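Right, one structure below, let's go through it.
The values are calculated or read from the model by the stated rules, or taken from the named source; none is laboratory data. Only a predicted model underlies this, so the values are computations on that prediction, with no experimental measurement involved. Virtual Cβ from ideal backbone geometry, glycine too; neighbours counted across all protein chains shown. Calculation scope for accessible area: heavy atoms of the full protein, side chains included, ligands and nucleic acids excluded. Shrake-Rupley method; radii C 1.70, N 1.55, O 1.52, S 1.80 Å.
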Amino acid sequence: MGRFHSCTHLDPRSLACLRIGTAAVLAWDMLLALAVADDWWAMQGYGEVKLPAWTVLGSEAMTLQLAAIVVIACTTLLALGWRTGHVTTVAWISSCAFQYAARATTDYHNAVLCVLLFWSLALPTATVASMDARAGRQSNLPGWLVGAGCTGLLASLAWIYLS
């Protein structure tokens, strides 16, 4: 614990739970998106698909299914703690893209996922219970960034519960 910034008294086990739980919720969202891929765009209130033509692989539903499968694979790696910094970045971008694409129908938890993943970028979430820890890969985040991540996470959790 001594290598972390002094204001970060978050237990590494709680950070591992944050990583695994956030990954599980994001994977669940993507499994739901897979189940409704054929009707997803209509459910979002779009009269037509909003994807650029060059991004469509086969059909719009197939493109959505492939994207969801990629995110599920990413969240699996995040839950396992493999190359956590990189995978957290991909999961955060994916979560924000999903939040943006489904903004007409998503509920509050999608925004919470984006916020939790954002602060996870600045936290050593793979210190415990991860493939990174098992392989001896340690977080090289500067102390000031970990302190900012800790403060941001705690402020965000307070905001979630107070609002």
What figure in square angstrom, to the nearest 10, would you give for the accessible area of THR76 with a 1.4 Å probe? 70
With each label point set 7 Å from Cα along the Cα-Cβ vector, what nm distance links ALA53 and ASN140? 4.5
Cα-based Kirkwood hydrodynamic radius, region 119-163, one decimal, Å: 11.5
At 222 nm, what helix-only mean residue ellipticity would the chain give, in deg cm²/dmol to the nearest 500, using -39500 (n - 2.57) for each DSSP H run of four or more? -21000 deg cm²/dmol
Principal-axis tilt of helix 60-80 within the chain, Cα atoms, nearest 10 degrees: 10
Helix 108-120 sits at what angle to the longest principal axis of the chain, using alpha carbons and giving 0 to 90 degrees rounded to 10? 40
Any chance you could look up the accessible area of HIS109 with a 1.4 Å probe, heavy atoms only, rounded to 10 Å²? 70
Keeping the other protein chains in place, figure out the carbon and sulfur percent of the accessible area of the chain, with a 1.4 Å probe. 68
Starting from the residue with the highest accessible area, list SER163, SER130 in decreasing order, probe 1.4 Å. SER163, SER130
Rank these residues by their accessible area, most exposed first, probe 1.4 Å: ARG83, ARG103, ARG13. ARG13, ARG103, ARG83
Ranking by accessible area, most exposed first, for VAL71, VAL56 with a 1.4 Å probe: VAL56, VAL71
Along principal axes, Cα extents of region 22-151, largest first, whole Å: 48, 28, 25
Reciprocal mean inverse distance between Cα atoms of region 29-100 - Kirkwood radius, Å: 13.0
Assuming R0 = 22 Å, what is the FRET efficiency of TYR100 and SER14, from their Cβ-Cβ distance, to the nearest 0.05? 0.15
Acute angle (nearest 10 degrees) that the helix 12-35 long axis makes with the longest principal axis of the chain, alpha-carbon atoms: 0
Dipole moment magnitude, nearest 20 debye, the chain about Cα centre, only Lys, Arg, Asp, Glu C-beta charged: 680
Simple label model, 7 Å out from Cα along Cβ direction - LEU162 to ALA35, nm: 3.6
